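Undergrad: A single structure is presented below for examination.
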Amino acid sequence: MRSWPLLIAASLLVPSQAFGESLGIGPGPETITPADEVAAPGSPSGGPGAVILAEETEVVDGVTVVAGRSPAPGGLTTYHLRARILTNEGRGLADIQIPLDSEETRLNRWWGFTIRPDGTVLRIEKGDLREQTVVKVEDKTELRVMTALLPGVEPGTVIDYGYAVAGRPLHGLQRIKVQRRWPVRSLVYRWRPLLFLGAIGLTGICSISNPAGLDLNLDQEERGFVLRGTEIPPVVVEPWMPLGEDPGAVLTLYYTRLASSSGYFWNGIAKQQAELERRTLTPGRVRKAMEEMGLDPRAKGAQVVRGAYDWITANMENTGLRTAEDLEEIASGKRENESGRRIPAIVKSRKGTAEELDLLLLGIAHAAGVEARLVLTSDRRKNAWDPGLLAFGQFDESLVALRMPGEPAAQYTLADPGSGLAFGEIPWWISGGEGLMVEGEKAKIIRLGGVGASSNVSETRVTMRIAAEPEEPASVSWTRTGKGQWGLAEGRALVRSRPDDRKDRLIDMCRSGSTAEVVEADASGLERTAAGWSLLCRAESGEAVRESRPGEMDVSFEGPWIEPVPNLAAAPRVHPIEFPFAETVLGTIEIVPPPGFQPGPAPPPVEVDGPIGAYRLLIEARDGKWILHRSLRLAYTELPADRAPGLRKFFGAVRTGDRTLLTFRRTEPPS
C-alpha cells in the first residue's frame with residue numbers, strides 16, 4: 001500500500017477558531033430534494049443497497065489545560081451523514097454508533113431523522129441515545145459508544161444524522177476509510193492539528209493510500225488540510241481477506257518529527273530503542289534477574305535462552321493481559337500499578353509488561369552469548385506496518401529475534417515471552433507481516449513467519465443424550481481445549497471483559513449462531529496468558545432428531561459443538577483468501593440413545609481432500625452408542641482468488657459430511 005503524504009507544519013499555521021464554535025456542519029433539509037434522487041436497483045445485476053449522498057467530518061485537535069492538573073483532551077469532532085436507502089440491505093446505515101474515545105468524551109450535539117417517501121419526518125432525540133460497550137471485530141477489544149437506530153427506515157427513505165463530540169483525545173495515528181460498502185456522492189474531511197506542537201518539532205502529516213482512479217483531492221488549507229471527493233465507488237469487502245491490507249482508499253493522520261527520508265526516521269527509532277536496551281539491560285541487573293530465576297549467569301548457549309523463556313511463561317504475569325477486575329482494583333487504588341521498574345524487580349514481583357518481558361529475555365540472551373534483537377511490529381487485524389508512514393504509533397507489538405547456534409545467517413527464531421505460546425511461536429495476528437528489527441542503531445525490515453497446522457490444535461469432546469420423546473430437546477455437553485493459536489484472541493478478549501460481558505461472550509461462543517438453548521457456559525485456564533484455555537458448554541438442542549418413524553429415529557450431530565466451517569460466497573472472488581492460521585480441528589462425539597434404542601447400520605467413512613487440507617469422518621457403533629471421530633486439517637492459510645471455487649467445493653463437502661444422519665432402532669417395546 002503506497003501512501004502519498006501532505007505535510008502541515010503546525011508551527012506555521014495561523015490561530016484556529018475556538019474549539020466550541022460551529023465549523024459549518026449541520027443537518028440537511030427535512031424534505032427529499034432533487035439532489036437526493038437515486039435510481040432504485042431493479043436490473044438483473046442488482047445494485048447498491050444505499051447511496052451516501054453526503055459525508056462531512058471536521059476534526060479539531062486540542063487540549064484543555066487546568067492549573068494543577070494534567071492536560072485533558074479538548075478536541076472536537078463534528079460529523080454529518082445523509083443517505084438514500086434503496087434496499088433492505090442498506091438499512092444498516094441507520095444503525096448508528098458514535099465512538100466515545102475516553103472517559104472525558106461527551107456528546108455535545110445530535111440530530112437524526114428519517115424522511116419517508118410520503119414526506120413524513122421521523123426524529124430521534126438526543127435523550128433517546130444509549131451508551132453501551134461493543135466488541136470490535138478486528139481485535140476483539142471493547143469500545144464505548146453511543147447508539148441510535150433511526151426509526152421508520154425502509155427502501156426509498158432518506159436518513160440524515162450528525163453529532164459533535166467534545167473532549168476527544170489526541171490520537172497518535174488515525175486511519176479513516178474513504179471508500180465504504182456503499183457509493184459516496186460527496187465527501188469532505190477536514191483536520192486542524194494542534195498549533196503549538198511545532199515549537200517542540202512535531203508536525204502534522206496526512207496521507208492518502210490507494211487513490212488511483214478516484215476523484216480525490218487532498219489540499220492544504222489556512223488552518224490544516226481538507227480531503228474532498230466526489231462519486232466515490234464502493235469497495236468490495238469479502239470474508240477471509242488478507243490481514244492488514246485495505247482494499248480501498250484510506251486517509252491517514254498523525255503527528256511526527258520531520259525526517260529527510262523514511263530510512264533516516266526509522267534508524268532514529270532504532271537508535272532510541274537501542275538506547276533503551278543499554279539503559280535497562282546493564283550486566284548487573286541482568287545477573288540479578290537470572291539469579292532470581294534460578295539461572296546460572298555464567299552459563300552460555302541456546303539452552304539458557306530456552307530455559308529462561310519457559311520460566312517466564314510458567315512464572316510471570318503479563319500485566320497487559322490483566323482482567324477487567326484487576327484493572328478496576330488498580331484504578332481504585334486497591335492494588336499497586338507496577339510500572340517503570342528495573343529488570344530484577346520485575347522478576348522478583350513475577351509481573352511485567354509485554355515489553356518488559358521481551359527486554360528480560362533479550363538481556364538473558366545477550367548474557368548467554370546468543371545473538372538477539374528486539375523487533376517492533378503491528379497487529380495486522382488493525383493495519384500492517386507501513387514504513388512509508390513516519391509514525392511510531394503503528395507499533396503495538398514487540399518480539400525478540402534470536403539467531404540460535406547453527407542457524408543460517410538470515411534465519412531467526414522469533415519469541416514472544418508474554419504470549420503464553422511455545423518457544424518459537426508468535427500470535428497469528430503478527431505472523432505473515434513485517435517488523436522493524438533493531439540491529440545496533442540501524443533499522444532492518446524482517447519478515448515474520450508463522451507455524452504449521454500441527455502446532456495449532458483444538459479438540460472438542462461431545463456427549464449428546466437423545467430424549468425419549470422425539471419432540472423433546474437433546475441434552476448436549478461439550479468441552480473444547482486447544483494449543484497454539486487456537487482461541488488465543490478470544491481468550492484474551494474474555495480476560496479483558498467485565499464479568500457480565502464475559503459471561504455473555506461465553507454464552508455466545510457456546511451458542512455459535514445456532515438456536516440451541518445454552519444452559520451452562522464457562523471457561524478454565526484463562527488466569528495467566530489466555531493461551532491453551534478450555535471452553536465448557538451445556539445446551540439443549542431441539543434439532544437433534546431430524547425424523548422419527550415407528551421404531552426408528554434419525555439424529556443429526558450438527559450443532560455449535562462443531563467449529564464453524566468457512567463459508568465462501570458463490571459470486572466470483574475479488575480478493576485473495578487468507579485464514580488466520582493453519583490448524584487441526586479434532587472432535588469426538590458420543591451420541592447416547594434413549595432407553596430401548598440401539599444404533600443401526602454405520603455409514604461409510606468420509607474422506608475429503610481439498611486445496612488447503614483434508615477432512616475425515618469415522619462413525620462406529622460401540623456399547624449401544626454412536627461414536628464419531630471427526631478431523632479437519634487446514635495446512636495452508638493463503639490462496640489466490642481464482643482458487644475460491646475449489647475451496648468452496650471442499651468446504652461444501654465438509655458440510656455435507658457433517659450433515660450425515662445416524663439411525664437409532666428400537667430394540668425393546670415402549671413401556
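The values are calculated or read from the model by the stated rules, or taken from the named source; none is laboratory data. In this text the structure is predicted, and so the values were computed from the model without any measurement. A quick note on method: Cβ atoms are made from the backbone with ideal geometry, for glycine too, and the neighbour counts reach across all protein chains shown. When the accessible area is computed, the model is the full protein with side chains, heavy atoms only, and any ligands, DNA or RNA have been set aside. Shrake-Rupley method; radii C 1.70, N 1.55, O 1.52, S 1.80 Å.
Undergrad: Restricting attention to segment 145-192, which residues are among the hydroxyl-bearing types (Ser, Thr, Tyr) and open to solvent by 10 Å² or more (accessible area, probe 1.4 Å)?
TA: Matches in segment 145-192: Thr147, Tyr161, Tyr163, Ser186, Tyr189.
Conditions tested, residue by residue: (1) modelled with pLDDT under 95; (2) crowded, with 23+ Cβ neighbours inside 10 Å; (3) closer than 24 Å to Leu281 by Cα.
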| position | (1), (2), (3) |
| --- | --- |
| Leu362 | no, yes, yes |
| Ala365 | no, yes, yes |
| Val375 | no, yes, yes |
| Arg380 | yes, yes, no |
| Asn383 | yes, no, no |
| Pro387 | yes, no, no |
| Phe392 | yes, no, yes |
| Phe395 | yes, no, yes |
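Undergrad: Filter segment 398-455 for residues that are under 24 Å from Val495 (Cβ atoms) and of a type in the set (S, T, N, Q) and give the result.
TA: Matches in segment 398-455: Ser398, Ser419, Ser431, Ser455.
Undergrad: With the condition kept exactly as written, say whether any residue in segment 215-235 is crowded, with 17+ Cβ neighbours inside 10 Å, under 30 Å from the mean Cα position of the chain (by Cα) and basic (Lys, Arg).
TA: No.
Undergrad: Then there is this: So is Met437 under 30 Å from Leu360 (Cα atoms) and of a type in the set (A, V, I, L, M) or not? Give the steps one after another, and end with the answer.
TA: Values: under 30 Å from Leu360 (Cα atoms): yes; of a type in the set (A, V, I, L, M): yes.
Here the answer is yes, as Met437 does meet what is asked.
Undergrad: I would also like to ask the following. Enumerate the pairs (first residue in segment 212-229 and within 14 Å of Arg192 (Cα to Cα); second residue anywhere and assigned to a loop (DSSP other than H, G, I, E, B) and modelled with pLDDT of 90 or more) with beta-carbon separation below 9 Å, excluding pairs fewer than 6 apart on the same chain, so at least 6 apart or on different chains.
TA: Cβ pairs passing all conditions: Leu227/Val178.
Listed here are the residues, each with its yes/no results for (1) among the aliphatic types (A, V, I, L, M); (2) open to solvent by 50 Å² or more (accessible area, probe 1.4 Å).
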| position | (1), (2) |
| --- | --- |
| Leu536 | yes, yes |
| Glu543 | no, yes |
| Arg546 | no, yes |
| Glu558 | no, yes |
| Asn567 | no, yes |
| Pro576 | no, yes |
| Glu583 | no, no |
| Leu586 | yes, yes |
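Undergrad: Kindly establish whether Leu253 is surrounded by fewer than 17 Cβ atoms within 10 Å (Cβ to Cβ), touching a strand residue (DSSP E or B) at 6+ places or on another chain (Cβ under 7 Å) and under 30 Å from Phe225 (Cβ atoms). Please lay out each step first, then the result.
TA: Working: surrounded by fewer than 17 Cβ atoms within 10 Å (Cβ to Cβ): no; touching a strand residue (DSSP E or B) at 6+ places or on another chain (Cβ under 7 Å): yes; under 30 Å from Phe225 (Cβ atoms): yes.
No.
Undergrad: Let me confirm something: among Gly559, Gly596, which residue is at pLDDT 90 or above and within 36 Å of the chain's Cα centre (by Cα)?
TA: Values: Gly596 fails: within 36 Å of the chain's Cα centre (by Cα).
Within the list Gly559, Gly596, the selection yields Gly559.
Undergrad: Does segment 557-587 hold any residues that are of a type in the set (Asp, Glu) and assigned to a loop (DSSP other than H, G, I, E, B), and which are they? Give the derivation first.
TA: Start the filter on segment 557-587 by keeping residues that are of a type in the set (Asp, Glu), which leaves 558, 563, 578, 583.
Hits for segment 557-587 are Glu558, Glu563.
Undergrad: Considering only residues that are among the hydrophobic types (A, V, I, L, M, F, W, C), in a loop (DSSP other than H, G, I, E, B) and at pLDDT 85 or above, look in segment 116-144 and name the one that is farthest from Arg381 (Cα to Cα). Working first, answer last.
TA: Going through segment 116-144, the residues among the hydrophobic types (A, V, I, L, M, F, W, C) turn out to be 121-122, 124, 129, 134-135, 137, 143.
Now restrict to residues that are in a loop (DSSP other than H, G, I, E, B): 124, 129, 137.
From what is left, the residues that are at pLDDT 85 or above are 124, 129.
On the way: Ile124: 34, Leu129: 29 Å.
Within segment 116-144, the match that is farthest from Arg381 (Cα to Cα) is Ile124.
Undergrad: Scan (1) open to solvent by less than 40 Å² (accessible area, probe 1.4 Å); (2) more than 28 Å from Ala521 (Cβ to Cβ); (3) small (Gly, Ala, Ser) for the single condition Ser454 breaks and write down its number.
TA: Checking Ser454 against (1) open to solvent by less than 40 Å² (accessible area, probe 1.4 Å); (2) more than 28 Å from Ala521 (Cβ to Cβ); (3) small (Gly, Ala, Ser), the one that fails is (1).
Undergrad: Next up: Here is a list of conditions, (1) farther than 24 Å from Gly433 by Cβ; (2) within 31 Å of the chain's Cα centre (by Cα), and His575 meets all of them except one; can you say which number that is?
TA: Checking His575 against (1) farther than 24 Å from Gly433 by Cβ; (2) within 31 Å of the chain's Cα centre (by Cα), the one that fails is (1).
Undergrad: Could we say that Leu526 is assigned to a loop (DSSP other than H, G, I, E, B), surrounded by 14 or more Cβ atoms within 10 Å (Cβ to Cβ) and hydrophobic (A, V, I, L, M, F, W, C) here? Lay out the reasoning, then the answer.
TA: Details: assigned to a loop (DSSP other than H, G, I, E, B): yes; surrounded by 14 or more Cβ atoms within 10 Å (Cβ to Cβ): yes; hydrophobic (A, V, I, L, M, F, W, C): yes.
Considered against the rule, which asks whether it is assigned to a loop (DSSP other than H, G, I, E, B), surrounded by 14 or more Cβ atoms within 10 Å (Cβ to Cβ) and hydrophobic (A, V, I, L, M, F, W, C), Leu526 comes out as yes.
Undergrad: Continuing with the same structure: Within segment 640-665, which residues are more than 31 Å from the chain's Cα centre (by Cα) and either open to solvent by less than 90 Å² (accessible area, probe 1.4 Å) or not charged (D, E, K, R) (or both)?
TA: Within segment 640-665, Thr660, Leu661, Leu662, Thr663, Phe664 meet the criteria.
Undergrad: Quick one: count up the residues across segment 458-481 that are at pLDDT below 90 and of a type outside the set (A, V, I, L, M, F, W, C).
TA: Initial filter on segment 458-481 (at pLDDT below 90): 468-471.
Subsequent filtering for residues that are of a type outside the set (A, V, I, L, M, F, W, C) retains 469-471.
Of the residues in segment 458-481, 3 are at pLDDT below 90 and of a type outside the set (A, V, I, L, M, F, W, C).
Undergrad: For segment 397-419, name all the residues that are open to solvent by 30 Å² or more (accessible area, probe 1.4 Å) and not aliphatic (A, V, I, L, M).
TA: Taking segment 397-419 and keeping what is open to solvent by 30 Å² or more (accessible area, probe 1.4 Å), we get 397, 403, 405-412.
Result: Glu397, Arg403, Pro405, Gly406, Glu407, Pro408, Gln411, Tyr412.
Undergrad: Show the residue pairs meeting these rules: Cβ distance below 8 Å; 6+ apart or different chains; first residue within segment 435-446 and over 14 Å from Tyr264 (Cα atoms); second residue among the β-branched types (Val, Ile, Thr) and open to solvent by less than 40 Å² (accessible area, probe 1.4 Å).
TA: From residues that are over 14 Å from Tyr264 (Cα atoms), the pairs are Gly435/Val375; Gly435/Thr377; Gly435/Ile446; Met437/Val375; Met437/Ile446; Ile446/Val375.
Undergrad: While we're on this one: Quick check, is Glu425 buried (at least 18 other Cβ atoms within 10 Å of the Cβ) and either small (Gly, Ala, Ser) or in contact with a helix residue (DSSP H, G or I) (Cβ under 9 Å, 6 or more places away or on another chain) (or both)?
TA: Numbers: buried (at least 18 other Cβ atoms within 10 Å of the Cβ): yes; either small (Gly, Ala, Ser) or in contact with a helix residue (DSSP H, G or I) (Cβ under 9 Å, 6 or more places away or on another chain) (or both): yes.
Spelling it out, Glu425 is indeed buried (at least 18 other Cβ atoms within 10 Å of the Cβ) and either small (Gly, Ala, Ser) or in contact with a helix residue (DSSP H, G or I) (Cβ under 9 Å, 6 or more places away or on another chain) (or both).
Undergrad: On the given criteria, is Thr147 modelled with pLDDT of 95 or more, more than 30 Å from Ile430 (Cα to Cα), assigned to a strand (DSSP E or B) and of a type in the set (Val, Ile, Thr)? Even if it seems obvious, please write down each step before you answer.
TA: Values: modelled with pLDDT of 95 or more: no; more than 30 Å from Ile430 (Cα to Cα): yes; assigned to a strand (DSSP E or B): yes; of a type in the set (Val, Ile, Thr): yes.
When the stated conditions are applied, Thr147 does not pass them.
Undergrad: Moving on to the next point. Out of the residues in segment 397-414 that are of a type outside the set (A, V, I, L, M) and touching a Lys or Arg at 6+ places or on another chain (Cβ under 9 Å), state the one that is modelled with the lowest pLDDT. Don't jump to the end; show me each part of the working.
TA: Let us first name the residues in segment 397-414 that are of a type outside the set (A, V, I, L, M), namely 397-398, 403, 405-408, 411-413.
Then keep just the ones that are touching a Lys or Arg at 6+ places or on another chain (Cβ under 9 Å); that gives 403, 411-413.
On the way: Arg403: 91, Gln411: 85, Tyr412: 91, Thr413: 92.
It comes out as Gln411.
Undergrad: Pick from Ser548, Ser524, Ser512: which is under 30 Å from Gly646 (Cβ atoms) and among the hydroxyl-bearing types (Ser, Thr, Tyr)?
TA: Values: Ser548 fails: under 30 Å from Gly646 (Cβ atoms); Ser524 fails: under 30 Å from Gly646 (Cβ atoms).
Only one candidate passes the filter, namely Ser512.
Undergrad: Further, regarding this structure: Considering each residue of segment 343-357, count those that are farther than 17 Å from Leu295 by Cα and open to solvent by less than 10 Å² (accessible area, probe 1.4 Å), and give that number.
TA: Residues meeting the conditions: 1.
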